[in-house]
Amino acid sequence: MPPDLVVRNANLPDGRTGIDVACAGGKIIAVEPGIRGEANRVIDAGGRLLSPPFVDCHFHMDATLSLGLPRLNQSGTLLEGIALWGELKPLLTAEAVIERALRYCDLAVSRGLLAIRSHVDICDDRLLAVDALLEVKRQVAPYIDLQLVAFPQDGYYRSPTAAENLARALDRGVDIVGGIPHFEPTMADGAASVAALCAIAEKRGLMVDMHCDESDDPLSRHIETLAAVTRRLGLAGRVTGSHLTSMHSMDNYYVSKLLPLIAEAGVHAVANPLINIVLQGRHDTYPKRRGQTRVPEMRARGINVAFGQDCTMDPWYSLGGADMLDVAHMGLHVGQLTSREAMRFCFDAVTTNAATVMNLAGYGIAVGCNADLVVLQAADPIEAVRLRARRLAVVRRGKVIAETPSDVTALSLPGRPTEVDPASYAPRQR
């Protein structure tokens, strides 16, 4: 039988060019130049980039697309966003959460975003958002890998019913243990919450993903505790510290000891460039801190670093659009990641590195991997980030599930070309 799909003449993120990829039975069955024979569907990539799908390893789907409910965040600050979410929670209905989440997932598919890790607030005793997103997870399973994190938004110890609710959420099928130690009443409570939550994950055989040190306070050092507990409990590779923004304010000597601890513990790090750049440094005059954690330094220590989107049109962030190349673009600029190698890393930060955070099975472009692919209107990863390249085709398990026409503008200028393709302007340097 012919393959279900063959993508011809593609460039791959690792630099290979002129590659064909054949898919059958939902899997990749060949990756090589000049695959012969017919196929049920053929896509001619025409020397464009073929990538595995984009991955958002830090998001809040229970709040997405709720912008303006019950009111707008007038200051644009983190604290007003948290207060606003507290006002909105009692007004939520399961139907509304599901409807907004499904609409967001439609948008995500159009952007080639086929794997999302979403934190879900468990501090509402109804667990309404938990049940709603479990239903969303069931509905989108054919086209999006959705992981859910039991997130005690109001604090595991600060919120009186959070401990009970977190256990209930995990019992209902939520995948991952979350936390927010810097939001606990004291530093000691924060450290105790890290130990308690990691112990729950170790006992249940689950992963951990904590909002950790999302603060400008250089003394917010819960990532140290998270790394130490991870190492003590043998949770290497199963634990993620998200945000880590206090690190941008820490003493360099302390960081020189902290980074090896994170690396030795096998803790993943997730920065959220869009949110970090707008919410951090709010109390600064000038000089003003950028907010993003120490991405280059963590990479130099061998720590797996990924980028997340965090929010889209919700109480904390009124912008966004399910576009992980926007996230990579911002991360590149904020982190001054402008070497050729570092720019390629920014593409990896929203694809392969983020997939490692989520422990996604069958991810990548190799024989035996899931036939999940994106054709981009760009020749290579750097150009994809530069242009926030259009997703020409999105493939899930060998089936095209989204298509977008090329971004080409017709011109009517005397003596000039008749059209402009943004991807045709860059010199071909890799």
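Some observations on this one:
- Taking the charge dipole of the chain about its Cα centre, with +1 at Lys and Arg Cβ atoms and -1 at Asp and Glu Cβ atoms, the residue from 363, 195, 93 reaching farthest to the positive side is 363.
- Value at 222 nm in deg cm²/dmol, rounded to 500, when DSSP H runs of n ≥ 4 in the chain each add -39,500 (n - 2.57): -10000 deg cm²/dmol
- Spin-label model, residue 171/residue 80: points 7 Å from Cα along the beta carbon direction are separated by 4.0 nm.
- Viscosity 1.567 mPa s, temperature 4 °C, Stokes-Einstein D of the chain from Kirkwood C-alpha radius, µm²/s: 58 µm²/s
- Cβ-derived FRET efficiency at R0 35 Å, residue 1 paired with residue 366, nearest 0.05: 0.95
- Cα centroid separation, the range 295-372 to the range 102-171 (Å): 21 Å
- Global form of the range 277-340, assessed from the alpha-carbon gyration tensor, a/c cut-off 1.5: oblate
- Per residue value of the accessible surface for the chain (all protein chains in place, 1.4 Å probe), Å²: 40 Å²
- Treating each Cα of the range 7-81 as an identical point scatterer and summing with the Debye formula, the log10 of I(q)/I(0) at q = 0.15 Å⁻¹ comes to -0.63.
- Separation between Cα centres of the range 379-421 and the range 203-230, rounded to whole Å: 40 Å
- Computed lengthening from residue 44 to residue 297, 0.36 nm per intervening residue step minus Cα-Cα distance: 87.1 nm
- Spin-label model, residue 339 to residue 412: label points 7 Å out along the Cα-to-beta-carbon direction sit 5.0 nm apart.
- Cα gyration tensor shape of the range 225-275, rounded if a/c is under 1.5, else prolate or oblate by comparing a/b with b/c: oblate
- Here the spin labels are modelled as points 7 Å beyond Cα on the Cα-Cβ line, and at residue 36 and residue 282 they lie 6.4 nm apart.
- Förster radius 45 Å - calculated FRET efficiency between residue 217 and residue 103 (Cβ-Cβ, nearest 0.05): 0.80
- Long pairs among 89/137; 203/257; 89/399; 27/137; 257/288, criterion Cα-Cα beyond 27 Å: 203/257; 89/399
- Inverting the pair-averaged 1/r between distinct Cα atoms of the range 304-430 gives 16.5 Å as its Kirkwood hydrodynamic radius.
- Of the listed residues 27, 399, the order by accessible area with a 1.4 Å probe, largest first, is 399, 27.
- Calculated Rg and Dmax of the range 132-200 using C-alpha coordinates, Å: 13.5, 43
- Counting only protein heavy atoms and a probe of 1.4 Å, the accessible surface of the chain is 53% carbon and sulfur.
The values are calculated or read from the model by the stated rules, or taken from the named source; none is laboratory data. This one's a predicted model, so the numbers in the text were calculated from it and none came from an experiment. Using ideal geometry, Cβ is built from the backbone for each residue, glycine included, and neighbour counts are taken over all protein chains shown. Note: accessible area is taken over every heavy atom of the protein model, side chains too, but ligands, DNA and RNA are not part of it. Shrake-Rupley method; radii C 1.70, N 1.55, O 1.52, S 1.80 Å.
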